[in-house]
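Report on one structure; see the data block that follows.
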Amino acid sequence: MGNAVDTIQLLQTFTRIADAGSLSAAARSLGVSQASVSRQLSALERRLNTALARRSTHELTLTAEGGALLPRAMELLAAWEATEEALAAGSLAPKGLLRVVAPTAIGPTIVAPAAARFVRRYPEVDVDLVFTDASVDLVEMGADLQIKVGPVERQELIVRRIGAVERWLVAAADLDLSGFFSSKGGVHDGLPIVALAPLYDGRIAASLGQGRSVKINGHVRLRCEVLHAAYQAVLAGGGAGLLPRWLIGDDVAAGRLQRLLPDAAFAAIAIHLVFPPGRYRPQRTRLFAETVEAAVKGLR
């Protein structure tokens, strides 16, 4: 079966190929020739006596066996890194590449500054940030960590809740919506709404305390899939929006936005750290997770 070090190298090359999507891209990222990457993939296939990938001129796709191997290879490599870290004498600083996925809502404003502080503190770690609101496969993209706002649906992932986003219902200060609100705290149907899909639409519920609640059946005038687009639309007077306090608190204080139903409590949105399947996580991943968690807990 060959020695362990050789196997580790072959698995590292295999995971990089799967991540890059082609032999040439994997070779560039590894700083070796395409021929070397191809030889290592062939060597691993001979060792396992099965085809792991289908090659073409411009792309590469994993076979069923390659897809089954990928998460196991990533777990084995993570375990190997954890063992190296535990046994390394006098080399306690984390190192290597860390790939992080975050939503566009908090990626640029919260995760990116946290990453900047992290790489300044740990100069041997490089961080690759991917900001997207799309559903992603952490294993397929070779991600070490995802920061997820809202529920996590895939049961095989490792999830830890690190905070929640408090939300206020706000509108532009010069937008007169008084006709939609009753003196008893109710809201008439048709309140113009800037909706942030998929977190909410025109139907919004809130608690008023002491067992009382309010339900809003609004009219969605604008629907946005990106938080900052919804924020700008609300600022411009497009309608009322249910937006995070950390984003609009200063606008309310400065009088640019008015807070609607200030006594109502709207459901908070949970923020999670999401890890790919596997027991072991490298030191750099654990430390970065702690950095992000501290940044999230600082949200108001």
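Things worth noting here:
- Relative contact order, percent, the chain [alpha-carbon distance under 8 Å, six or more residues apart]: 21
- In plain terms, the chain from residue 177 to residue 79 could stretch by 29.5 nm, reckoned as 0.36 nm per residue minus the Cα-Cα distance.
- Extension gain (nm, one decimal) between residue 223 and residue 254, 0.36 nm per residue minus Cα-Cα: 8.6 nm
- Share of carbon and sulfur in the accessible heavy-atom surface of the chain [1.4 Å probe, %]: 51
- For region 12-22, backbone phi angles converted through the Karplus equation (6.51, -1.76, 1.60; θ = phi - 60°) give residue-by-residue couplings of 4, 5, 4, 5, 5, 4, 4, 5, 6, x, 7 Hz, Gly and Pro being listed as x.
- With both labels modelled 7 Å from their Cα along Cα-to-Cβ, the residue 72 to residue 197 distance reads 4.1 nm.
- Under 11 Å, Cβ to Cβ, from residue 206 - net charge with Lys/Arg +1 and Asp/Glu -1: +2
- Euclidean distance between Cα centres, region 170-213 to region 239-292, Å: 21
- Positive contributions from Lys and Arg (+1) and negative ones from Asp and Glu (-1), summed over other residues with Cβ under 10 Å from the Cβ of residue 197, come out at -2.
- Net charge of Cβ neighbours under 15 Å - reference residue 223; Lys, Arg +1; Asp, Glu -1: -1
- Quotient of Cα Rg and 2.2 N^0.38 Å for the chain, N being how many residues it contains: 1.26
- Under 25 Å from the Cα of residue 184 - lysines, other chains or at least 8 residues apart: 215
- Here's how it looks for residue 195: its modeled amide H is under 5 Å from those of 221, 222, 223, 224, which are all 5 or more places away or on a different chain.
- Potential extension, residue 265-residue 39 segment - 0.36 nm per residue separation minus Cα distance: 75.3 nm
The values are calculated or read from the model by the stated rules, or taken from the named source; none is laboratory data. These numbers come from a predicted model, not from an experiment. Cβ coordinates were reconstructed from backbone atoms using ideal geometry, including for glycine residues, and neighbour counts include every protein chain displayed. What goes into the accessible areas is simple: the full protein's heavy atoms, side chains included, and nothing from ligands, DNA or RNA. Shrake-Rupley method; radii C 1.70, N 1.55, O 1.52, S 1.80 Å.
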